[in-house]
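This report concerns only the one structure given below.
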Amino acid sequence: MTRIPERTLESHLRFATYTFRDIVHNRLGGRNPFSNEGVRYSGSHDDSALNAGVERFTADPTAVRDLSYDSDLTGKIDIPVLTMHAINDPTAFVEHEAAYRASVEGAHRGWYLVQTFTKESEHSELSNSEYANSITALDTWVRTGKRPSPQTIAASCSAFDKTYATGCLYDPAFQPAAYASRVNPRSNGLKWPAMTTQQEHSWSRIDGVGIAP
């Protein structure tokens, strides 16, 4: 149902328990920013029983606002950004990249973003050849203003693999599915950027907005 690999299930449970507890109790003064109202869970042996019995949580609107102000991305990047993400990342699933691109494009900054994906199954410790190649591609983009593509980045990796010999596993044709294909939408839906420019300006005038450091 979760599509989380068994080998990372413990870490996901730890994040869900301790990270969320820290956000609610230590950063937001006991206010809950999370909700699963209206979510339809699927994939179990009895989805009707699951959805009838699962505990439901209602978010505090001020907690949602403060967490959003502190952590949501507006997409307003103004420098080159190059990402590299394993397609089978078991920790931060690859559909996050679709949400990030939608945020950047929603802010009309799509030219500044190039995303690459690799046929790997780890969250970190990807191929050293790919790391060196991607850093060099970003450096060249910044210095020359010539925007690379997933295809040109994949093509240039072999030169670095002669030094590092860890493989070049780019998949330049890959495009991640929509975020909603992995995360069941909440009652307010999914829209990107999650925090609009208008909200950012409005909330910035509220004394004490954001989460505790």
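The values are calculated or read from the model by the stated rules, or taken from the named source; none is laboratory data. Since the structure is predicted, the reported quantities are computational estimates derived from the model, not experimental observations. Heads up, the Cβs are rebuilt from the backbone with ideal geometry, glycines too, and the neighbour counts pull from every protein chain shown. The accessibility values were calculated without ligands, DNA or RNA, using every heavy atom of the protein model including side chains. Shrake-Rupley method; radii C 1.70, N 1.55, O 1.52, S 1.80 Å.
In this structure, Gln151 does not satisfy being open to solvent by 80 Å² or more (accessible area, probe 1.4 Å), closer than 24 Å to Pro90 by Cα and at pLDDT 95 or above. Sort out which residues of region 159-174 are exposed (fewer than 13 other Cβ atoms within 10 Å of the Cβ) and either part of a loop (DSSP other than H, G, I, E, B) or touching a residue at least 24 places away in the same chain (Cβ under 8 Å) (or both), and write them in order of number. Once the filter is applied, which keeps residues that are exposed (fewer than 13 other Cβ atoms within 10 Å of the Cβ) and either part of a loop (DSSP other than H, G, I, E, B) or touching a residue at least 24 places away in the same chain (Cβ under 8 Å) (or both), region 159-174 yields Thr163, Ala165, Ala173.
Being in contact with a His (Cβ under 8 Å, 6 or more places away or on another chain), touching a residue at least 60 places away in the same chain (Cβ under 8 Å) and under 25 Å from Thr19 (Cα atoms) holds for only one residue in Thr91, Thr74, and it is Thr91.
Of everything in region 166-189 that's modelled with pLDDT of 90 or more and among the small types (Gly, Ala, Ser), which residue is farthest from Ala155 (Cα to Cα)? Once the filter is applied, the top-ranked residue is Ala178. Among residues of region 136-158 being out of contact with any strand residue (DSSP E or B) (no Cβ under 9 Å at 6 or more places or on another chain) and outside any helix (DSSP H, G or I), the one that is farthest from Tyr170 (Cα to Cα) is Gly145.
Being polar (S, T, N, Q), in contact with a Phe, Trp or Tyr (Cβ under 6 Å, 6 or more places away or on another chain) and under 28 Å from Glu37 (Cα atoms), is that true of even one residue in region 102-110? Checked against the condition, which is being polar (S, T, N, Q), in contact with a Phe, Trp or Tyr (Cβ under 6 Å, 6 or more places away or on another chain) and under 28 Å from Glu37 (Cα atoms), region 102-110 yields at least one hit. Summed over region 73-108, residues that are farther than 16 Å from Ala173 by Cα, open to solvent by 20 Å² or more (accessible area, probe 1.4 Å), small (Gly, Ala, Ser) and in a helix (DSSP H, G or I) total 2.
Summed over region 109-135, the residues that are among the aromatic types (Phe, Trp, Tyr), open to solvent by less than 80 Å² (accessible area, probe 1.4 Å) and more than 17 Å from Asp171 (Cβ to Cβ) give a count of 1. Among the candidates Asp66, Asp70, Asp60, the residue that is of a type outside the set (A, V, I, L, M, F, W, C), under 18 Å from the mean Cα position of the chain (by Cα), surrounded by 12 or more Cβ atoms within 10 Å (Cβ to Cβ) and closer than 20 Å to Ala194 by Cβ is uniquely Asp70.
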